[in-house]
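Quick notes on the structure that follows.
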Amino acid sequence: MEIYGLAILTGLFLLGETIGYSLGKLLNVGDVGGVGFAMLFLILLTNTKYWNNKVSDKTKLGIKFIGAIYVPIIVAMVLQSNIIGAFKGGLIAFLAGGIAVVGMLLLTPFLSKYAKIKK
Amino acid sequence: MDIIKDLLTKNGLIWACLVVGVIYVLAMYINKYLFRSKLNTFTIAMLIAMAISGIVGAYTGKTKGLADIPIFAGVGILGGSMLRDYAIVATAYGAKIEEIKKGGLMAVVSLIIGVVGSYIIGVIIAIAFGIKDVKDITTIGAGACTFIVGPVTGESIGASSEAIALSVAAGVVKSVLAMILIPTLGKVLKINTPQAAMVVGGLVGTTSGTVAGLTALDPALVPYGAMTATFYTGLGCFLCPSILYIITRAIL
């Protein structure tokens, strides 16, 4: 049933967040990659033979549905972003954020080339 | 009129689905007739959303764009961190474990380079603009990581409120630019494999920007980029107020 998929997703999500927040508490910060851990668990689960052979399509549909609606969720996220705040910060904010993102993006091909060699 | 207003406020979340749906349809038609389907519908929807939240933000003077208007508060729930994080986790469905193993080491390396590199760039800009206080300089450096790392760092080391505001602005600029630059530069930068997406997530960090940018570029890459990006803020919140602050203070 679809609700099983939702329940599994929520379970993994909360498990990941628990680890993220526990790690955060240990290091005295907020959340250290809770979502990342949850994603890792979901990937581990859905790559098992059990998942592929035994779990019903309807259960899978529950997770796929949430994965599919993330596009509108991102649009809604942008709808409530603080665009004015980005301009108000003036030149310092624009250069600090701008050069950081451009500089890091330019490094991408070199690092991903290395990732390919590794395999 | 009052009935409609009440209904929309009461059903905020599902009403937000209609709002986003209308924006999406609009984006589709703009793409079809103005750009002959050469652009990505999602990119146009995102630009429309940015324009709306910018205009509304200028009008209300608040920070949450369209969600600051009471009848559109549901947009804040639909696009808020709870559903966003839940949905991002769900995108991991179908990601291949072999791809992650292949890119794992470089993802860690890119995370460290991403946080430290962004921090250094922010620090240099802050110094170039004549900011003297080490705490303020550190906070702006942290803001160049993400708009969460900035204020977290600033508050924990006791920076001025101006520096904290600047750091948030720097992080927001980074996020917005990532949304635009990742899809436009994606081909040139060869962001076309899961491993490259993991590297982008680690280098750029800012989850909102990376996820929105990768969606516009290629939705199949989203899980890989999102996964590394979600570790970025945590790593930044850990490194900036501690090790990086101490090193910066020692140098200056």
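A compact table of results
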| item | result |
| --- | --- |
| FRET efficiency, 1/(1 + (r/R0)^6) with R0 30 Å, evaluated for B:Glu98 and A:Tyr21 via beta carbons | 0.50 |
| Point-charge dipole on Cβ atoms (K/R +1, D/E -1) for chain A, about Cα centre, debye to 20 | 500 debye |
| Largest-first ellipsoid semi-axes for the protein assembly as shown, taking √(5λ) over the Cα gyration tensor eigenvalues, angstrom | 30, 27, 20 |
| Net length gained if the chain between A:Thr48 and A:Thr10 were fully extended (0.36 nm per residue, minus Cα distance) | 11.8 nm |
| Test item: B:27-37 mean partner chain Cβ contacts at 10 Å | 0 |
| Rg/Rg_globular for the range A:1-43, with Rg_globular taken as 2.2 N^0.38 Å and Rg from C-alpha atoms | 1.25 |
| Per-residue HN-Hα couplings for the range B:51-63 [Karplus 6.51, -1.76, 1.60; θ = phi - 60°; Hz; x = Gly/Pro] | 4, 4, 5, x, 5, 5, x, 5, 6, 8, x, 9, 9 |
| Isotropic mean projected area of the C-alpha convex hull, chain A (nm²) | 11.3 nm² |
| B:Tyr86 - accessible surface, heavy atoms, 1.4 Å probe, Å² rounded to 10 | 30 Å² |
| Helix B:194-204 axis, angle to chain B major axis (alpha carbon atoms, nearest 10°) | 70 degrees |
| Förster radius 25 Å - calculated FRET efficiency between B:Phe129 and B:Ile247 (Cβ-Cβ, nearest 0.05) | 0.75 |
| By accessible area with a 1.4 Å probe, ligands and nucleic acids excluded, highest first: order of B:Cys240, B:Cys17 | B:Cys17, B:Cys240 |
| Percent RCO, i.e. relative contact order, over chain A, from Cα pairs under 8 Å lying at least 6 residues apart | 25 percent |
| Convex hull volume per residue for the range B:22-181, taking Cα atoms only, in Å³ | 176 Å³ |
| Chain B: relative contact order in percent, alpha carbon pairs under 8 Å with at least 6 residues between | 17 percent |
| Whole-angstrom Cα spans of the range B:52-110 along principal axes, big to small | 48, 23, 15 |
| Options A:Leu12, A:Ile43, A:Gly97, ranked by Cα towards positive dipole end of chain A, top entry (Cβ charges) | A:Ile43 |
| Relative contact order for the range A:1-57, counting Cα pairs under 8 Å that sit 6 or more residues apart, in percent | 31 percent |
| Positive-end extreme of charge dipole, chain B - chosen from B:Ser110, B:Leu13, B:Thr139 (charges on Cβ) | B:Ser110 |
| Where B:Ile246, A:Ile19 fall by accessible area, highest first, once all protein chains stay in place (1.4 Å) | B:Ile246, A:Ile19 |
| Rounded tilt (10° steps) of B:222-239 against the dominant C-alpha axis of chain B | 40 degrees |
| Computed lengthening from B:Ser161 to B:Val25, 0.36 nm per intervening residue step minus Cα-Cα distance | 44.8 nm |
| Where the range B:140-186 is the region considered: accessible area per residue in Å², 1.4 Å probe | 29 Å² |
| Shielding score for B:147-159, defined as the mean number of other chain Cβ atoms within 10 Å | 1 |
| Amide hydrogen neighbours beyond the local backbone of A:Gly33, cut-off 5 Å, H modeled | B:Gly234 |
| Which of A:Tyr70, A:Tyr114 is most accessible, then next, and so on - probe 1.4 Å | A:Tyr114, A:Tyr70 |
| Of A:Lys113/B:Lys187; A:Lys113/B:Lys38; B:Lys5/B:Lys62; A:Lys60/B:Lys96, those spanning more than 18 Å from alpha-carbon to alpha-carbon | A:Lys113/B:Lys38; B:Lys5/B:Lys62 |
| Overall Cα dimensions of the range B:179-252, principal axis frame, Å, largest first | 43, 21, 19 |
| Exercise: per-residue mean of other protein chain Cβ atoms within 10 Å, B:74-82 | 4 |
| Stretch in chain B that is longest and holds no trypsin sites (Lys or Arg not before Pro) that DSSP places in a loop and that have at most 10 other beta carbons within 10 Å | B:39-131 |
| Stokes-Einstein D for the range B:1-89, Kirkwood Rh over Cα pairs, 10 °C, 1.306 mPa s (µm²/s) | 113 µm²/s |
| Helix-only [θ]222 nm of chain B, DSSP H runs n ≥ 4, -39500 (n - 2.57) each, per residue, nearest 500 | -24000 deg cm²/dmol |
| Solvent-accessible area, 1.4 Å probe, carbon plus sulfur percent, for the protein assembly as shown | 70 percent |
| Segment B:Asn11-B:Ala51, length gained on full extension (0.36 nm per residue, minus Cα span) | 11.9 nm |
| With DNA, RNA and ligands ignored, accessible area of B:Thr63 (1.4 Å probe; Å², nearest 10) | 80 Å² |
| √(5λ) per eigenvalue of the Cα gyration tensor, the range B:106-173, largest first, Å | 19, 12, 10 |
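The values are calculated or read from the model by the stated rules, or taken from the named source; none is laboratory data. Note that this is a predicted model, so its numbers are computed, not measured. Here Cβ is always computed from backbone atoms with ideal geometry, including for glycine, and neighbour counts include all displayed protein chains. What goes into the accessible areas is simple: the full protein's heavy atoms, side chains included, and nothing from ligands, DNA or RNA. Shrake-Rupley method; radii C 1.70, N 1.55, O 1.52, S 1.80 Å.
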